[in-house]
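Novice: My questions will all concern the structure given below.
Since every read-out is calculated from the coordinates, none of them should be taken as a lab result. Everything numeric here is computed off the predicted structure, so don't read it as measured data. Cβ placement follows ideal geometry from the backbone for every residue including glycine, while neighbour counts extend to all protein chains displayed.
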Protein chains: 2
Amino acid sequence: MGGLTPDRLSRYRELRRELGREGLINLNPIQRGGILTPEARRALLEFGDGYSVCDWCPPKTPRLDRIERPPVADFLEDLAEFLNLKVARVVTRCREGKFIAFSSLASPGDCVVVDSLAHYSTYLAAELARLRVREVPHSGPPEFRISPQAYQETLERVRRETGKPPALVLLTHVDSFYGNLTEAEEVGKLCREWGVPFLLNAAYTAGVMPVDGRRLGADVLVSSGHKSWAASAPTGILALGEGVAERVLRRSEVRGDWSGRSFPEKETALLGCTVMGAPLATLMASFPHVVERVGRWEEEVRKVRYLVGELERIEGTRQLGERPKRHTLVQVESEGFYRVSQKHRRRGFFLYEELRERGIVGIQPGLTRHFKLNTYGLSWEEVKLVAESFLEIARKYGLGIT
Amino acid sequence: MGGLTPDRLSRYRELRRELGREGLINLNPIQRGGILTPEARRALLEFGDGYSVCDWCPPKTPRLDRIERPPVADFLEDLAEFLNLKVARVVTRCREGKFIAFSSLASPGDCVVVDSLAHYSTYLAAELARLRVREVPHSGPPEFRISPQAYQETLERVRRETGKPPALVLLTHVDSFYGNLTEAEEVGKLCREWGVPFLLNAAYTAGVMPVDGRRLGADVLVSSGHKSWAASAPTGILALGEGVAERVLRRSEVRGDWSGRSFPEKETALLGCTVMGAPLATLMASFPHVVERVGRWEEEVRKVRYLVGELERIEGTRQLGERPKRHTLVQVESEGFYRVSQKHRRRGFFLYEELRERGIVGIQPGLTRHFKLNTYGLSWEEVKLVAESFLEIARKYGLGIT
């Protein structure tokens, strides 16, 4: 402990988040849906202490999902209703939800089908569950679409390869690269025809846009509280349909060989309880806002389409992914800004710095040729300021504007 | 969604924690070490938004443990130094740390040896990793001691049963039933002799008392930020010795069969990143305080011994577990209060209610014959008030005081 001097430790005493300042417009693609509501900020302080939600855990059947003060039990019922599935749990991360589904519904060595735009954590969750991954191809540039037809073909390929259907099919409802929205309902139908459980990764959709798990045919729906439900990290949502709920939430069967201790009330894959404090409180406190905001999704899509239209006025600049946009996450390709960067003394950092000077952050520093942004929850005024700022920077560096 | 009316949703708008009020003395056995510092409360608000710590994630090798603003990378190094082990990670819960160790260091079907006072989540983590659990017996009432000798015997029993040593040995450093401190160093030596990895569950020790992982012979040390590090839930600590670090933190080897995508920088068992926000910020912000407070452990032990001495003045009342106490978590047995409860119109609830009237909470409502409490971090004044309150209640109901 010789090195842990007061001087060294002082770095932890005043942790500041430079980009969280009021007045900044943050376009970070993973952060727009996770900005807390005022209610959630109050809940954070109220439930900041460790195990704060456990004050009134029912002593005879202690389990997070049964706590009534604060109303965790009610919340999980309402959450399941909101997603139109049978039962819901809060887990520590969306990726933990995927791992839980993979390890409950498939066995080591099984094949699982995932779209080729899946988040990296989807691949890791399958790897940790010792499954083999088979990918559904996308259509390539510029739209990178994932089609239900490609799912059909991949299912057939797996059957040819292994002699049976995959153990599970996963679709990333909206992907993190292009913000493409894939036709989950058709993939859901296909899964039903094949008799394969369907896992919908709604990390970028549930909580910001309307998502009806039953209509989409999801057996398992996972989402991310800190990505799309105005909640603190780490919070994941795991919602289950009737056909799989019991298997995924199966109870513990272990028994101590000497003591005889057993825990038949505990849900094994959850390791008992999950988010026992502040982030769960933020998820609950923001829930009324989330229920309301998904009804305003069409307006969010109008804003992103407006911004894309303005950005595409810049020489050599286009939106990648499906057209027209149906989600607020965008990948932009700009040969124009890239050419500027090659002659600029700050190289690719010029774009970040020019935006930063205009109060706009969240574009990854250094990128110009391909960069991502997300307009979710910005006001029209902010979206217009973002558009004007990009146009202004383009003009400043001599790029043509149509 | 018919049921999600504004009226129904209003229950989530103002979440309040009745027992978090200032002025209350909270004896809840799992909560004393998880009360936030003022620094942590500030950090909560600063990093409340989802993915708030990811603003400056290094784009080329994005990983939580490599972030320098806020100083996550530094913190993990300091954390490893504090615990005197090679490398540390923050995971979502202590139990996740156990599962990660179990699934990395043992294979399905293997035997793992655990003390019979282990937390239920230890059993669940082993079950989820598909391991067989073999328990180390305790000495029974009234002390319920776990001895290194009993570990030796259990290791021999496993070798007789399976023809080989267990894949891993776990010791709960201080257990959650009696607050007994077991001689980890001797169990560590035994494990080294047997060539078996040693997992120390320091959920109730690291963060409140000095714990030197290397000296105790721990290959893996897990702890709970929300239990013992003045942090918000969910936060777990996973610290690793040289011999096992690489196996536990092995990198991803999965590869997309169509896209060729791979993630060789990601740590598979962590599913990539873990606590991407507020609770990690609280853990970091409280760390200087934690480093300082473990040096005051002896004073904490003096306080609990004082309280036990006073409680045992009450007719029919004794402390269970090892004597004298070496930890602040206590289980009390009181035939005296139990007899009172049998005639009281509020039955067992009278004790909780009498304490509540005196500003003391955290004893489980309804319990009198056996109840647990924790004095960690209470001032001498508060400990004396607790002692006086118990004596006053005993007198009120006619119990003798020696």
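Novice: Quick check on packing: order A:224-235, A:175-186 by the mean number of other C-beta atoms within 10 Å, highest mean leading.
Specialist: Descending mean neighbour count gives A:224-235, A:175-186.
Novice: Relative to the Cα centre, what is the charge dipole magnitude of the range B:38-294, using +1 at the beta carbon of each Lys and Arg, -1 at the beta carbon of each Asp and Glu, and rounding to the nearest 20 debye?
Specialist: On the way: 31 positive and 33 negative charges, 120 e Å.
Dipole size: approximately 580 debye.
Novice: Normalise the Cα radius of gyration of the range A:38-294 by 2.2 N^0.38 Å (N = residues in it) and let me know the number.
Specialist: 1.02
Novice: What net charge is computed for the residues neighbouring B:Pro234, neighbours being all others with C-beta under 11 Å from the C-beta of B:Pro234, Lys and Arg scored +1, Asp and Glu -1?
Specialist: +2
Novice: Using 7 Å Cα-to-Cβ label points, what is the B:Gln364/A:Leu4 separation (nm, one decimal)?
Specialist: The two pseudo-label positions are separated by 3.2 nm.
Novice: Please enumerate, by chain and number, the lysines with C-alpha under 23 Å from the C-alpha of A:Lys384, excluding those fewer than 8 residues away in the same chain.
Specialist: List returned: A:Lys303, A:Lys325, A:Lys372, A:Lys396.
Novice: Nearest 5 is fine: what % of DSSP beta bridges in the protein assembly as shown come out antiparallel, could you say? Walk me through the numbers on the way to the answer.
Specialist: Numbers: 46 of 82 bridges.
Expressed as a percentage, antiparallel bridges in the protein assembly as shown total about 55.
Novice: Applying the Karplus parametrisation 6.51 cos²θ - 1.76 cosθ + 1.60 with θ = phi - 60° to the phi angles of the range B:361-369, what ³J(HN,Hα) value in whole Hz is obtained for each residue in order, glycine and proline being reported as x?
Specialist: 10, x, 7, 5, x, x, 8, 9, 6
Novice: Of the DSSP beta bridges with both residues in chain B, give the percent that are antiparallel, rounding to the nearest 5.
Specialist: That works out to approximately 55 percent antiparallel.
Novice: If each residue's Cβ is checked for other Cβ atoms within 10 Å, how do B:Glu312, B:Glu68, B:Glu354 rank with the fewest at the top?
Specialist: B:Glu68, B:Glu312, B:Glu354
Novice: Now for a separate question. About its Cα centre, what dipole magnitude does the protein assembly as shown give when the only charges are +1 on Lys and Arg Cβ and -1 on Asp and Glu Cβ, stated in debye to the nearest 20?
Specialist: The dipole magnitude comes to about 260 debye.
Novice: Just counting partner chain Cβ atoms within 10 Å, what average do the residues of peptide A:281-292 show around their Cβ? Before the final figure, lay out the partial values.
Specialist: Working: counts 5, 7, 1, 4, 4, 2, 5, 8, 3, 2, 7, 3.
Per residue, the number of nearby Cβ atoms from other chains is 4 on average.
Novice: Go through the range B:171-187 residue by residue and turn each phi into a ³J(HN,Hα) via Karplus (6.51, -1.76, 1.60, θ = phi - 60°); whole Hz please, and just put x for glycine and proline.
Specialist: Values per residue, Gly and Pro as x: 10, 7, 4, 10, 8, 8, 8, 10, x, 6, 9, 9, 6, 4, 4, 5, 5 Hz.
Novice: So, one more: Using alpha-carbon positions, what is the distance between the centroids of the range A:140-212 and the range B:324-402, in Å?
Specialist: Result: 57 Å between the Cα centres.
Novice: Using only DSSP helix segments of four residues or longer, with each worth -39500 (n - 2.57), what per-residue ellipticity at 222 nm results for chain A after dividing by its residue count and rounding to 500?
Specialist: On the way: 14 runs with 148 residues, N = 402.
Counting only the DSSP helices, I get -11000 deg cm²/dmol.
Novice: Something else: Picking from B:Val196, B:Val254, B:Val332, which is most flexible by a Gaussian network model of chain B using Cα springs under 10 Å?
Specialist: Residue with maximal mean-square fluctuation among B:Val196, B:Val254, B:Val332: B:Val254.
Novice: Count the net charge of all other residues whose Cβ sits under 9 Å from the Cβ of B:Tyr151, scoring Lys and Arg as +1 and Asp and Glu as -1.
Specialist: Summing Lys/Arg as +1 and Asp/Glu as -1 gives -3.
Novice: Let me spell out the model: positive unit charges on the Cβ of Lys and Arg, negative unit charges on the Cβ of Asp and Glu, origin at the Cα centre of the range A:1-56. What dipole size does that give, in debye rounded to 20?
Specialist: The calculated dipole for the range A:1-56 is roughly 300 debye.
Novice: Quickly work out the A:Arg261-to-B:Glu156 label distance, labels modelled 7 Å from Cα along the C-beta direction, and quote it in nm with one decimal.
Specialist: Here the answer is 2.4 nm between the modelled labels.
Novice: Below 8 Å between Cα atoms, with a sequence gap of 6+, how large is the relative contact order for the range A:214-259 in percent? Write out the running numbers ahead of the final one.
Specialist: Working: 39 pairs, mean separation 15.4, N = 46.
Taking the mean separation of contacting Cα pairs over the length of the range A:214-259, I get 34 percent.
Novice: Next up: Got a sec? Which residues in the range A:351-379 would a label at B:Arg69 touch, if it sits 7 Å along Cα→Cβ and we count backbone N under 16 Å?
Specialist: A:351-367
Novice: Next question. Shielding of A:89-100 by partners, i.e. mean partner chain Cβ atoms within 10 Å per residue?
Specialist: Whole-number average of other-chain Cβ neighbours for A:89-100 is 3.
Novice: Right, here's the next one. Compare B:Arg293, B:Arg132, B:Arg69 in a GNM of chain B, Cα atoms joined below 10 Å, and give the one with the largest fluctuation.
Specialist: B:Arg69
Novice: In addition: Using the Karplus curve 6.51 cos²θ - 1.76 cosθ + 1.60 with θ = phi - 60°, what ³J(HN,Hα) values do you get for each residue of the range A:119-128, in whole Hz, with x for Gly and Pro?
Specialist: 5, 4, 5, 5, 5, 5, 4, 5, 4, 5
Novice: Please list A:362-368, A:282-288 highest first by mean number of surrounding beta-carbon atoms within 10 Å per residue.
Specialist: Highest to lowest by the protection proxy: A:282-288, A:362-368.
Novice: Sequence-distant or interchain residues sharing an amide H contact under 5 Å with A:Val87, placed H: which?
Specialist: Residues meeting the amide H criterion: A:Leu240.
Novice: Tally Lys/Arg at +1 and Asp/Glu at -1 over every other residue whose Cβ is under 9 Å from the Cβ of B:Arg89; what's the total? Walk me through the numbers before you get to the answer.
Specialist: Working: positive: none; negative: B:Asp65, B:Glu267.
Result for the neighbourhood of B:Arg89: -2.
Novice: Return the average number of partner chain Cβ atoms within 10 angstrom of each residue Cβ along peptide A:254-267.
Specialist: Average per residue, whole number: 5.
Novice: Which cross-chain or sequence-distant (5 or more) residues have an amide H under 5 Å from the amide H of A:Arg132, H modelled 1.01 Å from N in plane?
Specialist: Amide H neighbours of A:Arg132, under 5 Å, 5+ apart: A:Gly109, A:Asp110, A:Cys111, A:Val112.
Novice: Further, regarding this structure: Which aspartates and glutamates have a Cα less than 17 Å from the Cα of A:Lys164, not counting those fewer than 8 places away in the same chain?
Specialist: Reachable aspartates and glutamates: A:Asp110, A:Glu135, A:Glu153, A:Glu156, A:Glu193.
Novice: Run the numbers on chain B and let me know its relative contact order in percent, using alpha-carbon pairs under 8 Å that are six or more apart.
Specialist: The value is 21 percent.
Novice: Could you check the spin-label model distance between A:Trp56 and A:Glu246? Points 7 Å from the Cα along Cα→Cβ, value in nm.
Specialist: Using points 7 Å along Cα→Cβ, the separation is 3.2 nm.
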